[in-house]
1. Kindly evaluate Ile185 against the criterion of being among the β-branched types (Val, Ile, Thr), open to solvent by less than 20 Å² (accessible area, probe 1.4 Å) and at negative phi.
2. When you go through Ser213, Ser208 one by one, which is the residue that is open to solvent by less than 60 Å² (accessible area, probe 1.4 Å), more than 23 Å from Asn145 (Cβ to Cβ), under 48 Å from the mean Cα position of the chain (by Cα) and small (Gly, Ala, Ser)?
3. What's the number of the condition Pro742 fails, among (1) surrounded by 15 or more Cβ atoms within 10 Å (Cβ to Cβ); (2) out of contact with any Leu (no Cβ under 8 Å at 6 or more places or on another chain); (3) not small (Gly, Ala, Ser)?
4. When you go through (1) in contact (Cβ under 8 Å) with a residue 40 or more places away in the chain; (2) surrounded by fewer than 19 Cβ atoms within 10 Å (Cβ to Cβ); (3) touching a Leu at 6+ places or on another chain (Cβ under 8 Å) one by one for Leu572, which number turns out not to apply?
5. Please go through (1) surrounded by 17 or more Cβ atoms within 10 Å (Cβ to Cβ); (2) part of a helix (DSSP H, G or I) for Asn734 and return the number of the only condition it doesn't satisfy.
6. Among the candidates Phe111, Phe143, which residue alone is modelled with pLDDT of 90 or more and assigned to a loop (DSSP other than H, G, I, E, B)?
7. Hey, can you tell me all the residues within region 336-363 that are part of a strand (DSSP E or B) and buried (at least 18 other Cβ atoms within 10 Å of the Cβ)?
8. Counting just the residues of region 364-408 that are hydroxyl-bearing (Ser, Thr, Tyr) and assigned to a strand (DSSP E or B), which one comes out surrounded by the most Cβ atoms within 10 Å (Cβ to Cβ)?
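The values are calculated or read from the model by the stated rules, or taken from the named source; none is laboratory data. The structure displayed is predicted, hence computed values, not measured ones. Methodologically, a virtual Cβ is constructed for each residue, glycine included, from the backbone with ideal geometry; neighbour enumeration extends over all protein chains shown. Protein only, heavy atoms only, side chains kept; ligands, DNA and RNA dropped before computing areas. Shrake-Rupley method; radii C 1.70, N 1.55, O 1.52, S 1.80 Å.
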Amino acid sequence: HAGPVMQGLVFCVILKICFSLCRMAPRLQLEKAAWQWAETVKPEDITHEHIELAYRIAVLACKRGTCRRNCRGNPNCLVGIGEQSWLGEIDENAFHNIDDPNSERRDKNTFVGLTNLGATCYVNTFLQVWFHNLELRRALYRFQNSRAEGHNTDSGELKDYEPRTICEHLQYLFALLQNSNRRYIDPSGLVKALGLDTGQQQDAQEFSKLFLSLLEDTLSKQKDPNLQNVIQQQFCGQFSYVTVCNKCGRESPLPSRFYELELNIQGHKNLTECVTEFLKEEKLDGDNRYYCESCQSKQNATRRIKLQSLPRTLNFQLMRFVFDRQSGHKKKLNTFISFPEVLDMRPFLEGQEKCTYELSAVLIHRGVSAYSGHYIAHVRDAHTNDWYKFNDEEIEKMEGKKLQLGIEEDIAETAKSQTRKPKCSKGYHCSRNAYMLVYKQQMEEIDQTETNIEVPAFLQKLVDQDNKKFEEWCNEMADMRKQSVDKGKAKHEEVKELYELLPAEDGQSYEFVPLEWLKKWLDDSTAIKEIDNSQFLCSHGKLHPDNIAEVKRISSKAADLLFGRYGGISRLGQSSLCRDCVTQRCRVIRLKNQLNEDYREVMNLVKESGFWIGKASLRSWRQLALDQLEEDEEETKHNSSKVNGERSKRDGEEMKNFNEDILCYHGGLSIIENDRRVVSAEVWNKLRMYFPKAPEFPQNHESCQQCMRLEREGKENEALNRMMANEQKSSLLNLFQEKNRPTLQKWPQDTDVLYIVPHYFVDEWRKFIRRPAKGNPVSSVGNSILLCPHGGFMFTYDSIIALLWPAEWEVISRMFLVDQVISICRIHDKTQDNGIVQYQTHPDLCRECREGFIFQQQRDMREYAQATVYVRKVIDKKRMIKESAPEFSVSGSDVEDEREEPKMDGENDPDFSQSEGGAKRQKLNETGSFSVAPVTAASKSGIRRSTRHRKLRGEKALIVSANQTLKELKIQIMHAFSVAPFDQNLSIDGRCLTDDSATLGSLGVIPESIICLKADEPIADYAAMDDVYQVCMPEEGFKGMNTLFCGHISRSRKYYSIAK
């Protein structure tokens, strides 16, 4: 027979052949092959060849192209660790992540874009449209900027100048749009000055109105008269509301100005139909008749809008966003509307010979929702008549000087709502996303000098300063790109040189380095940390065999270069292979194999007399033995070998040892025989080999005497409890069954005294009577919880106390400990013949504590959060349901699941409530007692009313808070009932709720309240509803513009009231 050394050499040759055939073997196969020799080699016969097999030194290295990813089980595989990006020719762009700064430069003969700051695309579209309004741009350039002139210096720079006002920001922005070298500019200065939320999309049409109003107000303060009226000259027209009496024919004109015409598009196909409907005649009859000054009475009349003059720039607002009464939200109308390139307005004007307009801009909203989407603008250049599409930073020139809407009309639609785009005649365009059309008045002769606008000198200096910063930034970015490329090329050469030296040839000295460090070295071209092998060390200070998958074997020459260049600690060379860890692993493998054989033998042995063993331990003894072996092996590892600070699964846990499942609390043999069984002495001896410290109990060993004594005492106590429960139940049978219970409304005639105990005592006592073996007997009453700190009686809700007969109290006093006697006496007032009965408690009622308690209860009812109220929709007053107060009952029962909780009402006592029959509410008198009137038949019935709210048809529950305003509640009701807030008439207990700014707590709305909702008849003017009340996404407008914003809303409400 060959010796152990020869056996190891044979296995070494076999494994080399296996590894050469299976270089791509999975990690588990490599693990198994590396330790296969341990099944036949004893720990004391291990040689250096066996140790190298365990560390897989002889596994062949993988070649490039053979591995898709790195073989973690092979320490010689240096493929797939990031070397692909460094070998061969490399593009210079791979060495940096800096874009070419010239891509940010403005191309020749192109316009400048605007940065989208989050949700400001609607602002960018209007800014581009206004910038291309040459008259407006020229006027803004004439705006006197004394601050900028004061900062002017001889050097040609405006030092420390920053725009402040809206006009200053706008003229600077227009100057940048005209002469900046950037491809796009940042409008954050203007947006911040306007106080807009960049993360919330506002109403674009509302923004246009408010901004032009703000601009008009600012320019009106200038000294130049042409500058004062530029907004009116460009955008303002005039029309009149003309009302004609049908009887006398008197016309009553009401002149008004407009900055855009708001056109309804529902049911229309083209712009002409929309304008015709806007100007159509309206009949005033019935309740809507007109009061004629000539007739001095209400008469039938007609009303229409008469256009008197039109501005140079005519804006049409297509009302695509309307209020949907059914959903309670805005919605978008995706109706196709056609519009001409040349618009003749003569048919709509009186006495005008020629009034022709050319299409100048189309503003588009892409998206199906009114609350989201994207805004872009198509604008015609006044110089060349070319059309451009402005999409934030991106600008696209249309081909052939024609407007091309294109993809802007491609929106997602459901199958039911898909509509086919109608055919458009020549000179017309069709869109279902256009929400604003801008027309410019045609001029007979266009002076080319009028289209050339010079930027003022002080603004051009600001633009030059910004262009200078941009050029400096471009140069800086170019330098950074060059530095990154130079550094990358140097790293490329370094990696190519070192990677060729990494593989360790046979017979050469070698070292181990971390795999993750190699990956970072090949991936990160900047900061590389030093090499650290300390986390892979075992308890003997060498490389643990389990960590061989986390390191790679490289040549000593390459290791010297890497450690010399980057530094490091705990270098692992050929001497770092740990013999002790390999020996321990070999011992564990052999014990596991022996364990499997012993397990089969133990389970096949026939039950014989011998030793007690736990059934749970017998089922899992093999796993417990494996855990014990792994724990012993784990002790050989160094603490730092747990990667990333991982803890063992058993860290901090108390492991249950073998056969401890039959131990009792006292350390003896458990008295529960079903949890253990007897095994033979042969089986027990085999198990003792793996668990030498396991508790041992021969078959004749007695069970724990203390446990047996406690078991006997428990059975005796259970019998005593049953006897006690039977005696107490027979003595207090009515109390247990809740029969013949006394109440204040039904006071017994044969006694003047009743006794009070906490209902909690009665509940606990009943639980004990029902199941005496499962609980402890009740020993004391505990009446002190019903007393205040001053020793007075605190009568609260009927669910807290229980009334007892005198005979029952005598039994309870005898069987239980009583800390405080509480009784209630009936006192007849013989001087009065009105049936009033007085009641007196002992101890007396504490008036001070009761009032404080009542006040706190009332305060809690008005300071709540997340409470439920019920909104009941009614058609008319006859159908409103009146709520009656719940009646009072003192008796309590844990059998009934619905209890009465008296309703609070002003300063009334919360402990007593009025009955349905009209019984007077019980009140305290000045002496601390209370009185009650004779009880009617309704209260004598003894029927308990439930406080569980039963929802009726047309009623919905809402979650509210006390600090919530009535306006917020109305918005909740709008979502629940589809009733607009201004159509809601709310009332509670017959009291109307009208103050929208008041909180629900101040209005007396408490939890479980019932609010009646009376809805007005709906109106068909959706546009007016949308103007009056903005829902879901309130738009705050501009900072500092509250007056203007409120004024605009006031005008909208005025028009709405006229229409109504």
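1. Yes: the conditions hold for Ile185.
2. Values: Ser213 fails: more than 23 Å from Asn145 (Cβ to Cβ).
Going through Ser213, Ser208 in turn, the sole match is Ser208.
3. In the conditions (1) surrounded by 15 or more Cβ atoms within 10 Å (Cβ to Cβ); (2) out of contact with any Leu (no Cβ under 8 Å at 6 or more places or on another chain); (3) not small (Gly, Ala, Ser), Pro742 misses (2) alone.
4. The single condition Leu572 does not satisfy is (2).
5. Asn734 satisfies every listed condition except (1).
6. Step by step, each of Phe111, Phe143 is checked, and only Phe111 is modelled with pLDDT of 90 or more and assigned to a loop (DSSP other than H, G, I, E, B).
7. Once the filter is applied, which keeps residues that are part of a strand (DSSP E or B) and buried (at least 18 other Cβ atoms within 10 Å of the Cβ), region 336-363 yields Ile337, Ser338, Phe339, Pro340, Leu343, Tyr357, Leu359, Ser360, Ala361, Val362, Leu363.
8. Out of the qualifying residues, it is Tyr375.
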